[in-house]
Amino acid sequence: MKIKQIHVHVLKTSLDEPFYFSQGWVNHRSAVLVEIETDEGITGWGECLCHGLQPPEIAAAFIQHAFAPMLIDRDPFDSDVLWEEMYNKSRPYGQGGAAVNAISGVDIALWDIKGKSLGLPVSKLLGGNYRTKVMPYATGFYRTLNGKYPEDGIDEALRHKSNGLKAMKLKIGFGVEEDLAFIRAVREAIGPDVRLMADANGAYNAALARRLMYETREQKLYFLEELLAPEDQEGYLAIRHLTETYIASGENLFGKRGYRTWIAQGALDILQPDLCSSGGFTECVKIATLAQAWNTMIIPHVWGSGVGLAASLQFIAALPPAPLSLNPEEPMLEYDQSSHPFRAALIQHAITMKDGMVDIPQRPGIGVEIDRDVIATYGISM
Ligand code: CA
């Protein structure tokens with residue numbers, strides 16, 4: 001089989017109500033989708049992560065100008081060879097960020113092709129399903145111009161709870177005092193049985209993080225995410241053992257080389273590689289293998305359109321618990337509940353929650369059909 005054509009679709013739409021988190025305002029929802037056509041009529045789809053503050057055009061340009069020319073006439077089943085080639089040739093101007101986001105989207109599309117060609121879900125090609133469903137946790141709790149806090153956060157938490165979600169993650173990083181009041185108010189409103197996490201998006205240093213960790217012990221947070229800047233490995237090593245709350249990070253680390261010392265030095269309790277950012281299936285499976293060798297848990301970061309969500313479910317299916325046991329600590333699905341005009345429509349609403357769990361599709365490839373009308377509606381020309 002040979003790759004014949006690579007199309008990059010950049011989707012972008014402004015939000016009716018922009019929202020903010022600890023690092024800035026999100027005015028648009030964007031997606032970078034990769035469509036790869038083969039000479040056998042099989043088409044694969046992938047997605048490159050597009051952070052809230054990230055212009056989607058950058059990852060798209062990497063694919064158009066740097067990677068597509070390397071891929072034409074190559075065999076999608078050489079996905080590992082192609083991954084290393086894309087990474088190596090872009091090393092002087094890549095190694096992370098939008099360059100690896102771009103490789104990730106290409107790699108996901110190649111695995112979608114491999115799965116479709118064999119009539120198997122990607123999870124089977126990765127070694128099989130450790131699970132066929134996963135518990136989602138609600139991501140959201142962004143803030144708006146006229147919002148009231150903690151009131152709006154409490155309303156949102158109760159809405160997620162009444163929708164059947166058993167876990168949710170707050171946005172924090174707005175100042176330690178503000179965060180403490182917010183976390184306490186939400187915990188009191190939802191009660192002790194909902195699994196509660198919080199994400200500071202790198203807003204603090206180790207001293208501020210220490211206060212937040214000690215002063216939220218009563219609220220029993222399951223994990224605290226990106227308390228520190230994503231590169232601050234020494235800071236994470238300093239705070240990691242301060243309290244019983246798990247320390248999580250990783251959405252801004254890239255590839256096995258990016259994760260290597262974090263895993264080997266035990267800087268984190270929970271690793272959060274994003275399939276659409278940290279390297280696609282090829283590389284994220286290697287990150288998972290390193291993590292398993294150090295008995296470190298993975299709960300992937302997920303924040304994108306339905307294509308990224310579907311692909312992430314295949315990755316989650318194949319993640320070994322670390323360690324294995326009769327009742328192991330299971331990964332969760334980060335399930336974005338924030339405003340997104342086309343996330344679900346793009347994959348024809350193929351992924352839904354039932355009884356507080358999300359089924360992992362067992363259809364070939366990443367298991368979704370793309371609605372091209374959605375691409376026509378939100379696509380922009382490059
Ligand atoms: Ca995050």
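The values are calculated or read from the model by the stated rules, or taken from the named source; none is laboratory data. These figures come from a predicted structure and were not determined experimentally. So basically every Cβ, Gly included, is an ideal-geometry build from the backbone, and we count neighbours across all protein chains shown. For accessibility, only protein heavy atoms count, side chains too; no ligands or nucleic acids. Shrake-Rupley method; radii C 1.70, N 1.55, O 1.52, S 1.80 Å.
To keep it simple, each residue is scored yes or no on (1) away from the ligand (no atom under 16 Å from the Cβ); (2) open to solvent by less than 50 Å² (accessible area, probe 1.4 Å); (3) more than 19 Å from residue 167 (Cα to Cα).
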residue: 291; (1), (2), (3): yes, yes, yes
residue: 295; (1), (2), (3): yes, no, yes
residue: 298; (1), (2), (3): no, yes, no
residue: 322; (1), (2), (3): yes, yes, yes
residue: 344; (1), (2), (3): yes, yes, yes
residue: 348; (1), (2), (3): yes, no, yes
residue: 357; (1), (2), (3): yes, no, no
residue: 361; (1), (2), (3): yes, yes, yes
- Look at the range 34-54 and say how many of its residues are closer than 21 Å to residue 96 by Cβ and either open to solvent by less than 60 Å² (accessible area, probe 1.4 Å) or assigned to a strand (DSSP E or B) (or both). 9
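Residue-wise test of (1) over 21 Å from residue 248 (Cβ atoms); (2) among the charged types (D, E, K, R); (3) not in a helix (DSSP H, G or I).
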| position | (1), (2), (3) |
| --- | --- |
| 168 | no, no, yes |
| 173 | no, no, yes |
| 177 | yes, yes, no |
| 180 | no, no, no |
| 184 | no, yes, no |
| 189 | yes, no, no |
- Task: Return the pairs, sorted by first residue and then second, in which the second residue is part of a loop (DSSP other than H, G, I, E, B), the first residue lies in the range 69-80 and is closer than 17 Å to residue 117 by Cα, the beta carbons are less than 8 Å apart, and the residues are 6+ apart or on different chains.
- Result: 73/2; 74/2; 75/1; 75/2; 76/1; 77/1
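Can you tell me which of 330, 334 is modelled with pLDDT of 95 or more and open to solvent by 40 Å² or more (accessible area, probe 1.4 Å)? Full working, then the answer.
Values: 334 fails: open to solvent by 40 Å² or more (accessible area, probe 1.4 Å).
Of 330, 334, the one residue that is modelled with pLDDT of 95 or more and open to solvent by 40 Å² or more (accessible area, probe 1.4 Å) is 330.
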- Message: Return the pair list, or none, for Cβ contacts closer than 6 Å from residues in the range 41-60 that are of a type in the set (A, V, I, L, M, F, W, C) to residues that are open to solvent by 40 Å² or more (accessible area, probe 1.4 Å) and in a helix (DSSP H, G or I), at least 6 apart or on different chains.
- Response: 42/116; 42/117
- Pairs with Cβ under 8 Å, 6+ apart, first in the range 122-140 and within 30 Å of residue 159 (Cα to Cα), second of a type in the set (Phe, Trp, Tyr): 136/335; 137/335; 138/335; 139/303; 139/335
- Note on the structure: If we keep only residues of the range 334-379 that are outside any loop (DSSP other than H, G, I, E, B) and of a type in the set (Ser, Thr, Tyr), then the residue nearest to residue 170 (Cα to Cα) is 335
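Looking for whichever is crowded, with 17+ Cβ neighbours inside 10 Å, polar (S, T, N, Q) and part of a strand (DSSP E or B) here; the options are 30, 79. Which one fits?
Values: 79 fails: part of a strand (DSSP E or B).
Just one listed residue meets the conditions, 30.
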- Which of the residues spanning the range 183-219 are within 16 Å of the ligand (Cβ to nearest atom) and over 24 Å from the mean Cα position of the chain (by Cα)? 212
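Residues checked against (1) in contact with a helix residue (DSSP H, G or I) (Cβ under 7 Å, 6 or more places away or on another chain); (2) among the hydrophobic types (A, V, I, L, M, F, W, C); (3) assigned by TED's automatic domain parsing to the domain that holds residue 262:
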{"site": "150", "(1), (2), (3)": "yes, no, yes"}
{"site": "176", "(1), (2), (3)": "yes, yes, yes"}
{"site": "202", "(1), (2), (3)": "no, no, yes"}
{"site": "208", "(1), (2), (3)": "yes, yes, yes"}
{"site": "216", "(1), (2), (3)": "yes, no, yes"}
{"site": "227", "(1), (2), (3)": "yes, yes, yes"}
{"site": "232", "(1), (2), (3)": "no, no, yes"}
{"site": "235", "(1), (2), (3)": "yes, no, yes"}
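When the residues of the range 136-182 are narrowed to those that are within 16 Å of the ligand (Cβ to nearest atom) and over 22 Å from the mean Cα position of the chain (by Cα), which ends up least open to solvent (accessible area, probe 1.4 Å)? Steps first, please.
Keep residues of the range 136-182 that are within 16 Å of the ligand (Cβ to nearest atom), which gives 136-143, 167-174, 179.
From the residues that got through so far, the ones that are over 22 Å from the mean Cα position of the chain (by Cα) too are 174, 179.
Details: 174: 55, 179: 1 Å².
The extreme case among them is 179.
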- Message: Need pairs with beta-carbon distance below 9 Å; first residue assigned to a loop (DSSP other than H, G, I, E, B) and open to solvent by 90 Å² or more (accessible area, probe 1.4 Å) and within the range 210-225, second of a type outside the set (Phe, Trp, Tyr) and within 16 Å of the ligand (Cβ to nearest atom); sequence gap 6+ or separate chains.
- Response: 220/196; 220/245
- Task: Answer with yes or no whether residue 161 is without any contact (Cβ under 8 Å) to a residue 60 or more places away in the chain and assigned to a helix (DSSP H, G or I).
- Result: yes
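Do you know which residues across the range 226-264 are of a type in the set (D, E, K, R) and open to solvent by 20 Å² or more (accessible area, probe 1.4 Å)? Can you show your working first?
Here is the first cut: in the range 226-264, the ones of a type in the set (D, E, K, R) are 226, 231-232, 234, 240, 244, 251, 256-257, 260.
Passing the criteria: 231, 232, 234, 240, 244, 256, 257, 260.
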